[in-house]
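Nothing in this text is a laboratory measurement; each read-out follows from the coordinates by a stated rule. These figures come from a predicted structure and were not determined experimentally. As a convention, Cβ positions derive from the backbone with ideal geometry for all residues, glycine included, and neighbour counts pool all protein chains shown.
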Amino acid sequence: MKSHPTHLAFKCILILLPWAGNFSAQGADESSAPSATISGRVINEVTGRYLNNARVTAREANLQAFTDESGSYRIANVPSGPVTLEVFYTGLEKQELSVSVLPGQNVTRNVNLSPPGGAAVKMDPFQVESTRVTDQATIAVNEQRFSPNLKTVVSTGDLSEHGDGNIAEWLKFLP
């Protein structure tokens with residue numbers, strides 16, 4: 001059975017149509033201005049530790065990222081121009097930074113966060129408290145707050161405060 005020439009041409013057009021769309025989409029991507037990238041690390045100024053799960057937001061671009069275990073963050077596809085970075089971590093003072101980015105530029109901005117009220121705290125001479133438990137509790141709250149799933153995080157430092165180190169006594173206080 002012979003195929004009519006117009007049917008053959010129609011079949012060729014249908015076969016080539018998906019590739020034609022890909023070529024036009026690639027051309028549109030190449031003509032748009034390249035976006036910038038902002039990256040860096042977030043550190044606790046008092047303890048010197050890099051912070052995990054600190055939230056870094058590029059306000060004008062409506063983009064956000066969370067730091068990894070090494071305190072590193074990376075926000076890609078940031079449009080060029082002035083951008084306000086907002087860095088938040090539970091228990092530390094929120095910080096806002098102004099960054100000016102150019103198309104295709106990679107900007108590195110490290111952030112030092114400190115406790116509310118500044119780094120120095122004046123205390124009574126005989127009231128000394130351990131910051132280790134406070135730091136563990138703050139880390140646990142931050143892990144729980146920014147977890148992508150529903151989970152409960154409890155610091156293991158609380159184990160020493162209940163029942164002479166007995167794990168059963170400690171477990172009954174968990175939510």
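Miscellaneous remarks
- Formal net charge of residues neighbouring P116 (Cβ-Cβ distance under 11 Å; K, R +1; D, E -1): 0
- Between Q105 and N62, the contour length at 0.36 nm per residue exceeds the alpha carbon distance by 13.6 nm.
- Each Lys or Arg adds one and each Asp or Glu subtracts one; over the other residues with Cβ under 9 Å from the Cβ of A65, this totals +2.
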